[in-house]
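Colleague: Mind looking over this structure? Questions follow.
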C-alpha cells in the first residue's frame, strides 16, 4: 500500500532522537547499532532482522543501489561515500522540520543537536537535557551532598533545553514513588552514591520534580532498549503512583518507545491528562511489520496524545527508516479507517497533523 | 465488512453494565464519560479518540443526523431531545434481551436495573451486587467488628442478585490470597478499617468467599478502567492463587474487560474450569479497531467460556456502541473463520449463540 | 492462503516435544490433552476451541473422514484403528527430520524418544534431559545433601542428551538470580528439600549452571502451560538477571512457548547473544489464528534466533497440527513479506530454512 499523499507531505517534529555518528562504520559497528543487540550470535547476522531487511530495501536506493542489495555491497558503497554526504542524504529524506535531541549519551561520537539540524536541511533543532547525565556532571564537578540540589537547580535554570529526559528505566526501573524528595533526602542520597552512574530512586525523583517545577516536559525511556535495561522494571504502568502525584501540575510527561508495553502506555495517556506517548525506536525496529503495532499503539490513546519520534541513534539510516516507517504506519492506519468509513478524510488529515507535529508543538511550546 | 445476518439477529445477554444517566449531559460531562479520562488535556478533545469517532459515525444516524457530524452538532441535537427518548432509542437498538446491572456506583445519577430494563424494550433485568458497596453499607449501618461478618451474610442472604462483583482492582489490586478468612480475621480487618472505602485484602476475600458459598457467580473488574485503578496490580494473572483455591467449589468467576490483559484472561479461562471472561468496556473504547482485539481475546479461550458485556455506564450511546461493536467483532471473527474454512457455518452459528447469550444463561442460571 | 511450496517441503527439526501415548484415548482423556485445561467446564466441551476445530478440520481427512466431522465420529473412527497406526499417520505427515524429546514427564504413558523417531518415518531422535526430574531421581536414589551435587554432575556427565530443560516456571517461577551456587549452597538446599518435587531456586540455578558448564543448551518452559504454572511468575523478562550472568559463557538458552509473552521473548532473543525462542504449544493451540501471533513473535527477533517446536504431548494429532500450523504461519509471514517486497524470495527461502531447521542444528550441534 502506498502512502497517502497528505501523509507523505507531512513535516515531522521528531520529539526524541540522538545525534548521528561523525565517522564511517565498520560492518561490526553497523550491526551493533542496527538493533539493540551488542553483537550477532555466532553463525548469524543482524542483517537477518526486520530492520536489516528495511535497510536493504529502503536505504539502498538512496545510495543509488538496487533494492535488496547484499549487506556487503551496501556497506561497501556506503563507505565509498563521505559520511557527511550519507548523513545529509538520509536526514534530508526524512522530511523533519524539527529535531529534539537528547545529547546526553556518547556525545563525543555524535553530532550535536545544532549540527544535526544543519545537516538535516536546516531543520529546527532543540536540546533535551538528560537528567541523569546532568546529575553526574554536577557530581563530577565536585558538588558535595549539601550543595548538590542547588547545583542541579542552577544547571537547569541555565539550560536552554525544551524538555528533560530520564533514563530511570536503565538505572532503577520505573517504580518511582510520587512524593517530591526534600533537600535532606537528596543530600543523603548523594552521600550514598557509589560508582559513576546516577542510579538512585530518590535522585531520579528529585531530578524529575525539578524539571516539572520549571515546567519542562519530561520524557521517560520506557520498554524496548538494550540489555542494560531490565525490561520487567520498565513497564510504564509502574509509573502510576508517580503520574498520580504529578498530574495536578499539568506538566507533560512523555512515554518513549513503549514496545512491547505500547498498549499500557496508550492507557496511561488516555487516563492521565498530562501523559503522552509514542512508538519511537520500535517503529524502525519492526520494519515491514511496523504498521500493525502502530495500530495497536493507537487503540485507546486519544489522538491529541500521540507523538512522532525516531529515537534514531548513530546511523543516519535509522532517522530515515524511523520517519518512513512512521509515515507508512500512519498512512495505513488512516487509510484503513477511511476505508471502513470510521472517520472522514478531513478527520484523517487533522489526526495526521496532530500526530506528526501539532501535538509536539503544543506539548513543548515550540 | 457487513455483519453476518445470524449475528445481527442475536439477542444479547449483557452480563455486566451499569445504569444510564437520568439527565442530559453538558459537553464537559459527555467527554468525561466517553473514555476513562476524567477530562481532555489542554488543547485537545476526547472526541478525537476511537470511541469519539464511533459516536459521530454510528450514533448520529439514530438521532437523525448525518454520519460524522461534528461533536457540537451532535450534542446540540441530543440535548434538544428528551434524555429518556435518547436513552430509549439507543437501548432499543442494542437488541439486548437481558441486562445484569451493577448498581453499586453512583446510584443517584443512574437509572436502576428495573428502570433500565423497562426503557430497553422491556428486557429482563437482574441485579449484580457490588460487594464493596454492600460492605460499606453494612459498616455505615453501624455494624461493629464482631457483628460485621454476620451482617454481611444476612444482606447476601436477603439479596435477589444473580451475581456479585468485586472492584478489588480499584482498591487493593488482584493479588488475593486463596484461603477463606475466619470471622476473627474479618473482625480484625473491620477494626482496622479507616476511611469510607472498603480497601482490605482480607475483607475482599471474605466478601468473595461469602458470595461463593451462596453459589453466586463472582465478577472481578480486571484491567482497563480510570486512573483510580493501578493497572499494574490489575493483571488477572495475579488472581492465580485465588483461582486455584476456589476451583473445586465450581462457582463461576468472571473476569471483566481485561484489556490490555485479554490474552492472560483467556488463558485463565482455558485452564481453570470455573473461570470465564469478556472484553466489555474495551469493545466500545476500541471503536473501529475492536475486531482485531476481539480476535485476540478469542485466541485460546474455549468458546463456552467467553461472554458479552457492554460495561456501559451513564451514556446511552455506550450501550449501543458496546452491542454494535461486539456484533461487528464477533461477525468479523466468524466470517474470517468461515472464509478460511476453519469451521462450518453451523459451528459459527453455535459459537455466536454461546457467546451472545447461552454462556451467560448457563453461568448465571437465568 | 495455501502454503508456499518451499515451506511445504521443509524438513523440520522439532527442538522440543514429548512422547506420544501408548494407548487409545477416551473422549475424557482426549479432551484433557487437547488444551491445557484438565477438563471442560460443565455444559461445555473443549472441542469448542481453536485447537478442537483444527482437529476436526485438519486431522479428520488423515483418518479418511470428511473435514469438520463431529467430535463423536472423529473419536469413534480413531478408536477403530490401532493407535500405532494413528500415531504413524500423523507423525509421518509432520515432515519432521529430527525430534528433540523431553522424556521427563509421565514416561510410562509415552513412547520414548527412540520409539518416537522410529514411528515418525525413521526420523533422528535425541534426548533432552529434564533437570528437575534428574534431580528428583538423584535424591530418590539416596544421595544425601553432601553427595547431591557430585551425583548430579555424574548423571549429567553420563548423559547422552543434546540439551537440558528446566521447568522452573512450574516450580518457582523464572526470577532466578544470576550467580552460580556453591556446593555448600546446594547441600543446604537439599537439606531443606521437602516433598517429592524439586522446587528450590538454588537447586534450579545449580542444575542450569551445571548444564551450562557442560555446554548443554538449556531450554526453559516459559508462559503458556496448565494451571499448575503461575503465569505471572513465568514472564521471560524475569530471567533477565540470569541471562546477564550467563551471556559470556556463550551456551544457548532457549525460551519455549512464550505465549502470551512472545514479544518479551523476542526482545530477549534480540538483545542477548545466547538467547533463542520459539512459539511451541501456542502454535497448535491458536488454530486458525496462529499466523497472526506467529507474525508478532517474529517482530524483533533476529531470524537466526527463532526455532520450530511443536511441544506436542501425548496426542499424535498435536505433532501434526504443530507442524502444519507452523508451516502455514511461516508461509503466511513470508508470503506477506514478499508481497510487500520487504525481502526477496531468496531471502524468504533462507529465513525458512533457518527457522525450520538450520538454527536448531547450529544451536544443538546436530
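The values are calculated or read from the model by the stated rules, or taken from the named source; none is laboratory data. In this text the structure is predicted, and so the values were computed from the model without any measurement. Every residue, glycine as well, gets a Cβ built from its backbone with ideal geometry; the counts of neighbours run over all protein chains shown.
Colleague: Suppose the filter is within 12 Å of another protein chain (Cβ to nearest Cβ) and touching a helix residue (DSSP H, G or I) at 6+ places or on another chain (Cβ under 9 Å); does residue C:250 pass it?
Modeller: No, not satisfied.
Colleague: Return a yes/no flag: does region B:275-288 have any residue that is closer than 30 Å to residue C:172 by Cβ, more than 10 Å from every other protein chain (Cβ to nearest Cβ) and under 16 Å from the mean Cα position of the chain (by Cα).
Modeller: Yes.
Colleague: Go through region C:244-253 and report how many residues are surrounded by 24 or more Cβ atoms within 10 Å (Cβ to Cβ) and more than 15 Å from the chain's Cα centre (by Cα).
Modeller: 1
Colleague: Moving on to the next point. Could you look through region B:172-187, keep only residues that are within 20 Å of residue B:147 (Cβ to Cβ) and surrounded by fewer than 15 Cβ atoms within 10 Å (Cβ to Cβ), and pick out the one that is farthest from the chain's Cα centre (by Cα)?
Modeller: Looking at the filtered set, the residue picked out is B:184.
Colleague: Here is a follow-up. Answer yes if at least one residue in region B:340-361 is outside any helix (DSSP H, G or I), within 10 Å of chain C (Cβ to nearest Cβ) and buried (at least 24 other Cβ atoms within 10 Å of the Cβ), and no otherwise.
Modeller: Within region B:340-361, one or more residues are outside any helix (DSSP H, G or I), within 10 Å of chain C (Cβ to nearest Cβ) and buried (at least 24 other Cβ atoms within 10 Å of the Cβ).
Residue by residue, here is whether (1) touching a strand residue (DSSP E or B) at 6+ places or on another chain (Cβ under 9 Å); (2) assigned by TED's automatic domain parsing to the domain that holds residue C:171; (3) in a loop (DSSP other than H, G, I, E, B) holds:
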| position | (1), (2), (3) |
| --- | --- |
| C:62 | no, no, no |
| C:65 | no, no, yes |
| C:73 | no, no, no |
| C:88 | no, yes, no |
| C:92 | no, yes, no |
| C:98 | yes, yes, no |
| C:106 | yes, yes, yes |
| C:115 | yes, yes, no |
| C:118 | yes, yes, no |
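Colleague: Here is a check on your reading of the model: is residue C:264 under 27 Å from residue A:225 (Cα atoms), touching a residue at least 60 places away in the same chain (Cβ under 8 Å) and either surrounded by fewer than 23 Cβ atoms within 10 Å (Cβ to Cβ) or within 14 Å of chain A (Cβ to nearest Cβ) (or both)?
Modeller: no
Colleague: Separate question: Check region C:21-35 and report whether any residue there is assigned to a helix (DSSP H, G or I), more than 24 Å from the chain's Cα centre (by Cα) and either closer than 21 Å to residue B:354 by Cα or touching a residue at least 40 places away in the same chain (Cβ under 8 Å) (or both).
Modeller: Yes; the residues of region C:21-35 include at least one that is assigned to a helix (DSSP H, G or I), more than 24 Å from the chain's Cα centre (by Cα) and either closer than 21 Å to residue B:354 by Cα or touching a residue at least 40 places away in the same chain (Cβ under 8 Å) (or both).
Colleague: Quick check, is residue A:317 facing another protein chain (nearest Cβ under 8 Å) and buried (at least 22 other Cβ atoms within 10 Å of the Cβ)?
Modeller: No, not satisfied.
Colleague: Okay, moving on. Kindly indicate whether any position in region C:50-60 is modelled with pLDDT of 95 or more and assigned to a loop (DSSP other than H, G, I, E, B).
Modeller: Checking region C:50-60: not a single residue is modelled with pLDDT of 95 or more and assigned to a loop (DSSP other than H, G, I, E, B).
Colleague: Which one is nearest to residue B:103 (Cα to Cα), of the residues in region B:1-44 that are modelled with pLDDT of 95 or more, within 14 Å of chain A (Cβ to nearest Cβ) and out of contact with any helix residue (DSSP H, G or I) (no Cβ under 7 Å at 6 or more places or on another chain)?
Modeller: Once the filter is applied, the top-ranked residue is B:33.
Colleague: With the condition being over 24 Å from residue B:292 (Cβ atoms), I'd like the helices (runs of 4 or more DSSP H) fully within region A:214-330 carrying at least 1 qualifying residues.
Modeller: Output list reads A:240-246.
Colleague: Follow-up. Can you say whether residue B:233 is free of Cβ contacts under 8 Å to residues at least 12 places away in the same chain, within 14 Å of chain C (Cβ to nearest Cβ) and on the phi < 0 side of the Ramachandran plot, as far as the supplied structure shows?
Modeller: no
Colleague: Could you say which residue among C:325, C:366, C:256 is surrounded by 24 or more Cβ atoms within 10 Å (Cβ to Cβ) and either within 12 Å of chain A (Cβ to nearest Cβ) or in contact with a strand residue (DSSP E or B) (Cβ under 9 Å, 6 or more places away or on another chain) (or both)?
Modeller: C:256
Colleague: Additional query: Looking only at region B:120-151, count every residue that is assigned to a helix (DSSP H, G or I) and within 17 Å of the chain's Cα centre (by Cα) and tell me the total.
Modeller: Total meeting the criteria: 3.
Colleague: If you go through region A:85-92 one residue at a time, do you hit one that is without any contact (Cβ under 8 Å) to a residue 60 or more places away in the chain and surrounded by fewer than 15 Cβ atoms within 10 Å (Cβ to Cβ)?
Modeller: Yes, region A:85-92 has at least one match.
Colleague: Can you say whether residue C:336 is without any contact (Cβ under 8 Å) to a residue 24 or more places away in the chain, within 12 Å of chain A (Cβ to nearest Cβ), surrounded by fewer than 21 Cβ atoms within 10 Å (Cβ to Cβ) and part of a helix (DSSP H, G or I), as far as the supplied structure shows?
Modeller: Taking the combined requirement at face value, the residue does not satisfy it.
Colleague: Test residue A:161 against the criterion of being in contact (Cβ under 8 Å) with a residue 24 or more places away in the chain, assigned to a loop (DSSP other than H, G, I, E, B), crowded, with 19+ Cβ neighbours inside 10 Å and assigned by TED's automatic domain parsing to the domain that holds residue A:249, and give yes or no.
Modeller: When the stated conditions are applied, residue A:161 passes them.
Colleague: Looking only at region B:289-302, count how many residues are within 11 Å of chain A (Cβ to nearest Cβ) and within 17 Å of residue B:16 (Cβ to Cβ).
Modeller: The number of residues fulfilling the criteria is 1.
Colleague: A further question on this structure: How about region A:125-154: which of its residues are in contact with a helix residue (DSSP H, G or I) (Cβ under 6 Å, 6 or more places away or on another chain) and either outside the structural domain of residue A:95 (by TED's automatic domain parsing) or farther than 20 Å from residue A:188 by Cβ (or both)?
Modeller: A:125, A:127
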